[in-house]
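Shown next, in structure tokens, is the structure this report addresses.
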Amino acid sequence: MSAFESKPILCCTPGCGKSANLRCPTCIKLEITTGSNFCSQECFKQYWIVHKLFHKAKDEYNPWPGFKFTGTLRPYPVTEKRLVPEQILRPDYADHPQGHPLSEIAERGSTVVKVLDDEEIEGLRVACKLARECLDEVAQAANIGVTTDELDRIVHEAAIDRECYPSPLNYYQFPKSVCTSVNEVICHGIPDKRPLQNGDLCNVDVTVYHRGFHGDLNETLFIGEVDEKSKLLTKVTHEALMKAIEIVKPGVRFREIGNVIQKHVTPFGFSVVRSYCGHGIHRLFHTAPNIPHYANNKAVGVAKAGNSFTIEPMISEGSWRDEHWPDNWTAVTVDGKRSAQFEHTLLVTETGCEILTKRPTNNGQPWFMDSI
């Protein structure tokens, strides 16, 4: 172990909580900047069986020499795309060489929001229920030392077990079955061989396609012991989603949703990401309406009973602006600060809305609340 001079930070060994003034020498050599600090040799030895996984996964992997990262997260190797059995019904983009969703492209530019009939509502409801089951499985598995690639495997197999196609797979050539967005990643993170570290935020975005319908949701999970600012960011993000859902009913303008979200998060010093929005969902993965999450947006349309769409605010500690990694998917905060997100699929009813992806246990509260 080698000593270093820095502002006081906490020991990485779960449950310790003491100030750290030692750093793993192998992490220094591999330029691993997080998860490498310890208070003593004893803590280092106690955590070694998990900590050494970070060294193995890193292994000098550098796919983009010279690229300037905005934060401390780095890419790790990505495994091969997982296979889906032929008997599972799949969306049109699943086997397209470029992953183009031709049915979505045909509807592009239209602001007409579909009103689902009773049969379609039931199909969407089932898909959302199964998506929730998949997310609940992965939420229980997400822990220190588990790779996001392993989370992808869990979601993939959970979807197959339920006769679902994992919707992200090959969508515009996305290479995995779920999006995992860690720390400064805003959205669309690609699962890889990086082990989750104590103190990480990890958003898991699950969508499944079942018998012609997509169900979509995501949650931000705590990995080990998360710092207080990250806890606040996560809590405020979830509160913003729920406050937005409260106003959804026939007659509400889609543009009003962003006003509610931004009004809630701004007093905490957080910002609303503008580059990504909620979307209509049913037989199509992404369709009208667009649901921006920021105030004074120009979204078109008014909610009607039978409409279905997602609300999924992405809230950042610092700037709302984003950049992309060279993989053309991973969106990160421009200042390297953390971001959190939550998402539900909603069905507008005659008197309000139904949360189709609500957790069936623990009063519907998200997983992070189980640990606070």
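The values are calculated or read from the model by the stated rules, or taken from the named source; none is laboratory data. Treat the numbers as computed from the prediction; the structure is a model and nothing was measured. Cβ: placed from backbone, ideal geometry, glycine included. Neighbour counts: every protein chain shown. With ligands, DNA and RNA removed, areas are computed over all heavy atoms of the protein, side chains included. Shrake-Rupley method; radii C 1.70, N 1.55, O 1.52, S 1.80 Å.
Things worth noting here:
- Residues whose amide H falls under 5 Å from that of Asp200, counting only those 5 or more places apart or on a different chain, are Ile223, with hydrogens built in the peptide plane.
- Fluctuation leader among Val113, Val260, Val252 - the chain, Gaussian network, Cα springs under 10 angstrom: Val252
- Extension gain, Glu122-Glu80: 0.36 nm per intervening residue step, less the Cα-Cα distance, totals 11.7 nm.
- Each residue of region 78-168 gets 142 Å³ once the volume of the Cα convex hull is shared out per residue.
- Cα convex hull, region 206-335: 131 Å³ per residue, rounded to a whole number.
- Surface accessible to a 1.4 Å probe, Ile160 within the full protein complex, Å²: 40 Å²
- Coarse-grained scattering of region 275-372 at q = 0.10, 0.14, 0.20 Å⁻¹, given as base-10 log I(q)/I(0) from a Debye sum over alpha-carbon atoms: -0.36, -0.69, -1.16
- Cβ-Cβ distance of Arg211 and Thr26, R₀ of 51 Å, FRET efficiency by 1/(1 + (r/R0)^6): the value works out to about 0.55.
- Here the Karplus curve 6.51 cos²θ - 1.76 cosθ + 1.60, taken at θ = phi - 60°, turns the phi angles of region 362-372 into couplings of 6, 6, x, 6, x, 5, 4, 6, 5, 10, 10 Hz, with x standing for Gly and Pro.
- Taking each residue as 0.36 nm, the span from Arg108 to Ala295 lengthens on full extension beyond its C-alpha to C-alpha distance by 64.9 nm.
- 15 Å tail of the calculated P(r), region 105-148, as % of Cα pairs: 65 percent
- Note that region 100-117 has calculated 3J(HN,Hα) couplings of 6, x, 4, 5, 5, 4, 5, 9, 4, x, 7, 9, 6, 9, 5, 9, 7, 8 Hz, one per residue in order, obtained from phi through the Karplus relation 6.51 cos²θ - 1.76 cosθ + 1.60 (θ = phi - 60°); glycine and proline are x.
- Database remark: amide H of Gly301 closer than 5 angstrom to the amide H of Phe254 (H placed geometrically; neighbours at sequence offset of 5 or more, or on other chains; Pro and chain starts carry no H).
- Hull shadow area, averaged, the chain [alpha-carbon convex hull, nm²]: 18.4 nm²
- Label zone at Ala141, where the point sits 7 Å out along the Cα-to-Cβ direction: region 77-121 residues whose backbone N lies under 14 Å: 82-83
- Per-peptide packing, taken as the mean over residues of other Cβ atoms within 10 Å, places 129-135, 282-288 in the sequence 129-135, 282-288 from highest down.
- Within the chain, Cys12, Cys43, Cys128, Cys134, Cys164, Cys179, Cys187, Cys202, Cys277, Cys353 have no other Cys Cβ under 4.7 Å of their Cβ and so lack a disulfide-compatible partner by this rule.
- Cross-link partners of Lys304 among aspartates and glutamates (Cα-Cα below 14 Å; sequence separation of 8 or more within a chain): Asp117, Glu350, Glu354
- FRET efficiency, Thr361 to Glu163 (Cβ-Cβ, R0 25 Å, nearest 0.05): 0.60
- Checking the cross-link pairs Lys231/Lys337; Lys18/Lys45; Lys193/Lys229; Lys52/Lys337; Lys235/Lys358; Lys249/Lys358 against a 21 Å limit on the alpha carbon distance flags Lys193/Lys229; Lys52/Lys337 as lying beyond it.
- Label zone (His96, point 7 Å along Cα-to-C-beta; backbone nitrogen cut-off 20 Å) within region 285-310: 285-290.
- Along region 242-257 the Karplus relation, 6.51 cos²θ - 1.76 cosθ + 1.60 evaluated at θ = phi - 60°, assigns HN-Hα couplings of 5, 5, 5, 4, 4, 8, 6, 6, x, x, 6, 7, 4, 5, 6, 4 Hz to successive residues, with x for each Gly and Pro.
- Put Asp161, Asp205 in order of accessible area, highest first, and with a 1.4 Å probe you get Asp161, Asp205.
- When peptides 226-237, 190-201 are sorted by average Cβ neighbour count within 10 Å, with the highest value leading, the order is 190-201, 226-237.
- Cβ-placed point charges (K, R +1; D, E -1), dipole of the chain about Cα centre in debye, nearest 20: 960 debye
- Radius of gyration and maximum dimension Dmax of region 122-207, Cα, Å: 12.5, 40
- Selected from Ile223, Ile245, Ile28 as most flexible by GNM, with the chain as the system and alpha-carbon contacts under 10 Å: Ile28
- Under the Debye formula (equal points on every Cα, no solvent term), log10 I(q)/I(0) of region 142-258 at q = 0.12, 0.16, 0.21 Å⁻¹: -0.52, -0.86, -1.15
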